[in-house]
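Single-structure report; data block below.
The values are calculated or read from the model by the stated rules, or taken from the named source; none is laboratory data. Bear in mind the structure is a predicted one, so any value in this text is a computation, not a measurement. Cβ atoms come from the backbone with ideal geometry, glycine included; neighbour counts cover every protein chain shown. Keep in mind that these areas ignore ligands, DNA and RNA; they rest on the heavy atoms of the full protein, side chains included. Shrake-Rupley method; radii C 1.70, N 1.55, O 1.52, S 1.80 Å.
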Amino acid sequence: AGAVAMKHCTTVDQEVVGFIGCGAIARNMARAAAAVRPFKGVAYAFAGAEEFAKEMEAELGMPFEVTATAKELCQMSDIIFTQTPGAETVLEKDWLNPKGVTIIASGSDQPTKQEIPNDVLKASKYISDLTKQTSKVGELRGPIQAGVMTVDDVYAELGEIVNGDKPGREGDEIIVVDLTGTGAQDAAIGQVAWDKLSQLH
């Protein structure tokens, strides 16, 4: 889903890709982004950013640097992948690139977690993987509970962008793509992993 979001909700001019949170999910998102097109990587995390940057640069053959703060990463980045385990928000609206930014959020998968502040979500062209799900366990839950957004504020589900029913990036807007993971995707990924494992025997 990270690759799909990158392909359909960003433009080739968006060259700097930031990663807030540098664990296993970030590694998979970096690989997914690299499958779409080359980029310059920037990493920030409370722990593990140096190791992540070194590993990904070696594996993907693309430059990676580490920033001292999330604010610095946001100011540099055209695309930001967020994948943190905590309940705290990880960026602020006035940190974001004024030329437009695509935020691909995949850290929120239960009702206690929210990575993206409500004002950023409200100001964004908000795209969900599955609105029924993101409104309960994704980023959308926070602003709905606060009364600043409703499901009617969802611009599109990712499938509608992929199908061409609605355009992705159209200018210098903030786009948030909220990935909570869908059962169909999980099942397909599981099947591919099973097939690969089966071939090893």
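Quick notes on this one:
- Alpha-carbon centroids, the range 29-62 and the range 134-178: separation in whole Å: 26
- Within-12-Å neighbourhood charge of residue 114 [Cβ basis; K, R +1; D, E -1]: -3
- Accessible area per residue for the chain is 49 Å², calculated with a 1.4 Å probe on protein heavy atoms, without ligands, DNA or RNA.
- Highest-MSF residue in the chain out of 87, 47, 70 [GNM, Cα springs under 10 Å]: 47
- Percent carbon-and-sulfur accessible area, the range 30-99, ignoring ligands, DNA and RNA, probe 1.4 Å: 54
- Entries of 93/113; 113/196; 132/166; 93/136; 54/132 with Cα pairs more than 27 Å apart: 113/196; 54/132
- In the list [x] 15.9, 48; [y] 16.2, 54; [z] 26.0, 99, the label attached to Rg and Dmax of the Cα atoms in Å as derived from the coordinates here is [y].
- Length gained when the stretch residue 197-residue 122 is fully extended (0.36 nm per residue, less Cα-Cα span): 22.7 nm
- Table column - 3J(HN,Hα) (Hz), the range 77-84, Karplus curve with 6.51, -1.76, 1.60, x for Gly and Pro: 9, 8, 9, 10, 9, 10, 8, 10
- Counted residue by residue at 0.36 nm each, then reduced by the alpha carbon distance between them, the extension gain from residue 57 to residue 146 reaches 28.0 nm.
- Karplus 3J(HN,Hα) series, Hz, for the range 61-70 with 6.51 cos²θ - 1.76 cosθ + 1.60 (x for Gly, Pro): x, 10, x, 10, 10, 10, 9, 7, 9, 5
- The H on the amide N of residue 174, modeled in the peptide plane, is under 5 Å from the matching H of 101, 125, each at least 5 residues off or on a different chain.
- Most mobile of 41, 142, 159 in a GNM of the chain (Cα contacts under 10 Å): 159
- Cβ charges +1 (Lys, Arg) and -1 (Asp, Glu), total dipole of the range 53-187, debye: 280
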